[in-house]
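Student: Have a look at the structure that comes next, please.
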Amino acid sequence: MNADLLACEGVCLRRGRCGTVLDNVSVSLRAGELVGLLGLNGAGKSTLLRILLGLLKPDRGHVLLEGKPLGAYSASSVAQQLAYVPQSHTAAFPYSVRRMVELGRVPHTGLGSALRAEDHAAVDHAMARLGLQEMAERPVTQLSGGERQRVVLARALAQEAKALLLDEPMTGLDYGHQLRLMSLLGEFAAEGRLILLTSHRPEELFAPASRVLVLDDGHIVADGLPQNVVTAEHMSRLYGVSLKQVDHEGSRFFTMEK
Amino acid sequence: MIRNSVSVSADTKSVFLSHRVRWLFPLISICLCAAFVLALCVGRYPLSLLQVLGVIGHSLHLVKAQDAAADAVVFQARLPRLVAAVLVGSALSCGGAVYQGVFRNPIVSPGLLGVLSGAAFGAALAIVLGLSAFIVQLGAFAGALLAVGVGLSVAGLLPEGGLLTLLLGGLISNALFTSLLSLVKYLADPLDQLPAIVNWLLGSLSDVSWQEIYWLAPLLIALTVLLIRAAPVLDVLSLGDDEARSLGVPVSVLRPLLIVLATFACALTVSMAGIIGWVGLLVPHIARLMVGAEHRHMMPVCALLGATGLVLADMCARTLTSGEIPLGIVTELFGALAFVLVLRRLRGGFL
C-alpha cells in the first residue's frame, strides 16, 4: 500500500519519579487506516498521541510525518496535516459553535487573517457533516457533552488534515452518539484519512477498526487486525480478568469467565 | 449519520448578539463623547454646555476667548483627568480581558500575577523614602513589573508548566508583595507618610498633569491598540495549551508576550492613577454580555466601555460629595454592585 503517513521510531519517555512512560515504541500508520489504541489507565496512550502530534517531545526517538521528522515542518504545516480531538473540551468562554469550527482554519489562514471563500466552504462542509448548522450561533458553553464533542470534531474536520488523532472520543457520549461517531470515523477513514483513536472498550473497536494496537507498560504488545488482537487471550492478559469471547455477526463480545 | 438537512439558526438571541456590534460600537462611541462633555461641564465650578463648547471652540481658534475662568477649569483641571480616565479605563479593561483570555478564566483580573500589590509596594516605599511624586510613580511602575517578574520566575521554578503554575506563581508573588507593603506601612511615619500611602493606594486621577499625559499617552494608546489587535490570538489561546498548539499556534511565545503587554499596560495605569479596582474584571464581562465572547468583537467594545465607565466614575468621584472621593473607592463600590447584576444576567452561559 502507500507509504507511512505518520510514524514514530524508538520513542522513549521518562517522567519524574514514576519512571518510564514509553519505552522504545515504534509505530507506523498509513492513510486510510482506522487504528484503535487500547491500554490500561496510565499506560501512556494519551502520551503517545501527544508525542505523535508533536505536542510533547520524547526523550529519545523521533516522529516522522510523510517520512520527514516532525521538526522539519513548521507548526502550522504540521497542523495542516494532523488534527487533534482532545478527551474533553471545556470552553472557557461562550463562543458560538461556528466560531469554534472556524478556529480549525487557523493553520491555513494564520492568526488574525480574515477567512477566504475556501475557508468558509471548509467550515460549512464540516458543520454540515456533523449536523451542526442548526446550532451554528449557539454558545458552546450551553451544549451537552455530545454536542460539544461534535463541535470539536467539526473543527478537526475543518482543519482538512490528513490524520485525525482522537483521545478517548467515546468518553461521556451516550450509546447512540458513540455508534454515530464510530460510523462517522469509519467514513473519514474510507475517504483516505488516517484515524487514530484511544479507547477503553475493545468491543467498540472490533468491527470498525482496521487495526488495533495494545499499549502495555510502555510497550506496544500487540499490533494487527482486530480479529487477531482483540481476542480473549490478549484482553484477559491486558486487563487482568479472565474473559471469554463470543462472536456474533461480525461483532465480538466479551464476558467474564466464571 | 449525524446529518440534518435544516439549516436555520435556532438561537436567534445569539445571532442578534454577534450582529449587535455593528450598531453598538458607534452607539458606545457616542455615549463616550457625551459622558466626556458632561464630565467637562459638571463639578464644583459648573459650566454650561455653551461655555464648554466656547472653550473648545476657542482652543481650535474658531471663536474668540470668552471666559478665562472656564478656560482654566476645562484645560487645567478637568481635561487632563478626563483624558487620563479614557486612557486608563480602556487600557485596564483591555488588560483585564487579555488576562482573562490568556488564563482561560473569566474571573481573573489584572492583579492576578501581582501587578497591583507590586505597584502598591513600590509606591509606598518611595513615599516612605520621601521621594518626589514622579519617583513615587516610577516606583509603582517598577514595583508592578518586579512583582510580575517574581510571579513568572516562581512559576518557572515549579514543576509542570501550564496555567496552574502561573496562578501559583501569582499567588506567591501577591502574598510576598502584600506582606512587604504591610512592612513598609508599619515602618511609615503614622502622621504624614501613612496617610499619604493610604491615599495613594485608593487611586485617583486628581493629580494627573498634562506632562504625564504627554509621556504616558503614546505608550498607553500603543499598548491598548496592540491588545485589541491580539483579539484573534485570544480566541485560540483560550482553548487551552494542547488544542491551541495542535492548531499550529506558538503558545509558549504568545502567552508570555500577551501577559507582558497587558502587565505593562496595567503598570502604566497604576503609575498614572494608583489602584483602580474592578474595571479590569468587570468591563470585559459587560462587553461579552453586549456583543458575545468572540474577542474580535468584544475587545474594541471593551476599550470604549472601560473609557466611558471611568469617565463617569471619575465624574462621580468629583461630584458626589463636597470634597472628592478617591476614584478607586467609587469603582470598587459601583463595580461590586454591577458585578452582581452581570452575574445574574449570565446564568447558564458562564464558566
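The values are calculated or read from the model by the stated rules, or taken from the named source; none is laboratory data. Since this is a predicted model, take the numbers as computed values, not measurements. Cβ atoms come from the backbone with ideal geometry, glycine included; neighbour counts cover every protein chain shown. All accessible areas refer to the heavy atoms of the entire protein, side chains included, with ligands and DNA or RNA removed. Shrake-Rupley method; radii C 1.70, N 1.55, O 1.52, S 1.80 Å.
Student: If you average the alpha carbon positions of the stretch B:163-205 and of the stretch A:238-258, how far apart do those two centres end up, in angstrom?
Tutor: If you average the Cα positions of each part, the centres end up 65 Å apart.
Student: Give me the Å³ per residue figure for the convex hull around the C-alpha atoms of chain A.
Tutor: Values: hull volume 37.4 nm³, N = 258.
Convex hull of Cα atoms, per residue: 145 Å³.
Student: To the nearest 20 debye, what charge dipole does the stretch B:292-351 have about its Cα centre, counting +1 at the Cβ of each Lys and Arg and -1 at the Cβ of each Asp and Glu? Working shown, then result.
Tutor: Working: 5 positive and 4 negative charges, 62 e Å.
Here the size comes out at about 300 debye.
Student: May I ask you to derive the relative contact order of the stretch B:84-346, considering only C-alpha pairs under 8 Å and at least 6 residues apart, and to give it as an integer percent?
Tutor: Numbers: 425 pairs, mean separation 86.2, N = 263.
Once normalised by length, the contact order is 33 percent.
Student: Take chain B, connect every pair of alpha-carbon atoms lying under 10 Å apart with a spring to form a Gaussian network, then pick out the residue of B:V301, B:V74, B:V198 with the largest mean-square fluctuation.
Tutor: Largest GNM mean-square fluctuation: B:V198.
Student: Which net charge results for the neighbourhood of A:A3, defined as the other residues with beta-carbon distances under 10 angstrom from its beta-carbon, given Lys and Arg at +1 and Asp and Glu at -1? Walk me through the numbers before you get to the answer.
Tutor: Details: positive: A:R30; negative: A:D4, A:E66.
With Lys, Arg at +1 and Asp, Glu at -1, the net is -1.
Student: At each listed q (0.11 Å⁻¹), what is the log10 of I(q)/I(0) that the Debye formula gives for chain B modelled as equal alpha-carbon point scatterers?
Tutor: So the normalised log intensities are -0.77.
Student: Do any residues of the stretch A:49-90 lose at least 50 Å² of accessible area when the full set of protein chains is present rather than just their chain alone, and if so which, with a 1.4 Å probe?
Tutor: The answer is A:L55, A:Y84 - residues whose exposure falls by at least 50 Å² when every protein chain is included.
Student: With viscosity set to 1.567 mPa s and temperature to 4 °C, compute the Stokes-Einstein D of the stretch A:133-193, Rh being the Kirkwood radius across alpha carbon pairs; µm²/s, no decimals. Working shown, then result.
Tutor: On the way: Rh = 12.5 Å.
Rounded to a whole number, D works out at 104 µm²/s.
Student: A plus B alone minus the pair: what accessible area, both sides summed, probe 1.4 Å, in Å² to 100? If you can, show how the numbers build up before the last one.
Tutor: On the way: alone 12560 and 17690 Å², together 26680 Å².
Counting both chains, the buried surface is close to 3600 Å².
Student: To continue, here is another question. Whole number in Å², please: accessible area per residue of the protein assembly as shown, 1.4 Å probe, ligands, DNA and RNA not counted.
Tutor: 44 Å²
Student: At a threshold of 8 angstrom on Cα-Cα distance, excluding pairs fewer than six apart, so keeping six or more, what relative contact order does chain A reach in percent? The partial results should precede the final answer.
Tutor: Values: 494 pairs, mean separation 64.1, N = 258.
About 25 percent, as a whole number.
Student: Something else: Within 10 Å of each Cβ in A:136-145, how many Cβ atoms from other chains are there, averaged over the peptide? Write down the numbers at each step before the final one.
Tutor: Numbers: counts 7, 12, 7, 8, 2, 6, 5, 0, 0, 0.
Average neighbour count from other chains, rounded to a whole number: 5.
Student: Given +1 on the Cβ of Lys and Arg, -1 on the Cβ of Asp and Glu, and no further charges, what dipole in debye does chain B carry about its Cα centre, rounded to the nearest 20? Could the numbers behind the result be given before it?
Tutor: Values: 19 positive and 16 negative charges, 195 e Å.
The dipole of chain B has a size of about 940 debye.
Student: On to the next question. State the extension gain, in nm to one decimal, for the chain segment bounded by A:A72 and A:K57, taking 0.36 nm per residue of separation less the distance between their alpha-carbons. Intermediate values should be presented prior to the final figure.
Tutor: Numbers: separation 15, 0.36 × 15 = 5.40 nm, distance 1.38 nm.
Full extension from A:A72 to A:K57 adds 4.0 nm.
Student: A further question on this structure: Tell me, which longest segment in chain B has none of the trypsin sites (Lys or Arg not before Pro) that fall in DSSP loops with at most 12 further Cβ atoms within 10 Å?
Tutor: On the way: sites that count: B:R3, B:R44, B:K64.
Here the longest run is B:65-351.
Student: I would also like to ask the following. Once you place label points 7 Å from the Cα toward the Cβ at B:H61 and A:A207, how far apart are they in nm?
Tutor: Rounded to a tenth, the inter-label distance reads 8.5 nm.
Student: Follow-up. Provide the solvent-accessible area of A:E204, counting protein heavy atoms only and rolling a 1.4 Å probe, rounded to the nearest 10 Å².
Tutor: 30 Å²
Student: Please list, ordered by chain and number, the residues whose modelled amide H lies under 5 Å from the amide H of B:G274; skip anything fewer than 5 residues away on the same chain.
Tutor: B:S204
Student: Going by alpha carbons, how many degrees (0 to 90, nearest 10) lie between the helix axis of A:145-158 and the longest principal axis of chain A?
Tutor: 70 degrees
Student: Where in the stretch A:40-135 are there trypsin sites (Lys or Arg not before Pro) that are in a DSSP coil and have at most 16 other Cβ atoms within 10 angstrom of their Cβ? Could the numbers behind the result be given before it?
Tutor: Working: sites: A:K45, A:R50, A:R60, A:R98, A:R99, A:R105, A:R116, A:R129; in loops: A:R116.
Passing both the DSSP loop test and the Cβ count: A:R116.
Student: Using +1 at the C-beta of Lys and Arg and -1 at the C-beta of Asp and Glu, which of B:A119, B:G89, B:A34 has the Cα lying farthest in the positive direction of the dipole of the protein assembly as shown?
Tutor: After comparing all options, I get B:A34.
Student: Compute the length gained on full extension between A:R116 and A:S144: take 0.36 nm times their separation in residues and subtract their Cα-Cα distance, giving the result in nm to one decimal. Don't jump to the answer; show the numbers that get you there.
Tutor: On the way: separation 28, 0.36 × 28 = 10.08 nm, distance 3.04 nm.
Roughly 7.0 nm would be gained on extension.
Student: Sticking with this structure for a sec: Calculated from DSSP H runs of 4 or more alone, at -39500 (n - 2.57) each and per residue, what is the 222 nm mean residue ellipticity of chain B, nearest 500? Working shown, then result.
Tutor: Values: 15 runs with 258 residues, N = 351.
After summing the helix terms and dividing by residue count, I get -24500 deg cm²/dmol.
Student: Then there is this: Give me the mean projected area, in nm² to one decimal, of the convex hull enclosing the Cα positions of the protein assembly as shown. Working shown, then result.
Tutor: Details: hull surface 133.1 nm².
Over all viewing directions, the protein assembly as shown projects a mean Cα-hull area of 33.3 nm².
Student: In peptide A:100-107, how many Cβ atoms from other protein chains are near each Cβ within 10 Å, on average?
Tutor: Taking all residues of A:100-107 together, the mean is 3.
Student: Taking chain A as a Gaussian network, where each spring joins two C-alpha atoms under 10 Å apart, which residue of A:L49, A:L130, A:L111 fluctuates the most?
Tutor: Fluctuation is largest for A:L111.
Student: Continuing with the same structure: Roughly to the nearest percent, how much of the accessible area of the protein assembly as shown is carbon and sulfur, given a 1.4 Å probe? All intermediate terms of the calculation are to be shown ahead of the outcome.
Tutor: Details: 16630 of 26680 Å².
Of all accessible area on the protein assembly as shown, carbon and sulfur atoms account for 62 percent.
Student: Can I ask one more? Could you give the alpha-carbon Rg of the stretch A:12-163 over 2.2 N^0.38 Å, rounded to two decimals?
Tutor: On the way: Rg = 17.1 Å, N = 152, 2.2 N^0.38 = 14.8 Å.
So the stretch A:12-163 has a normalised radius of gyration of 1.15.
Student: I would also like to ask the following. For the stretch B:253-351, what is Rg from Cα atoms divided by 2.2 N^0.38 Å, rounded to two decimals?
Tutor: Numbers: Rg = 14.9 Å, N = 99, 2.2 N^0.38 = 12.6 Å.
In units of the 2.2 N^0.38 Å rule of thumb, it is 1.18.
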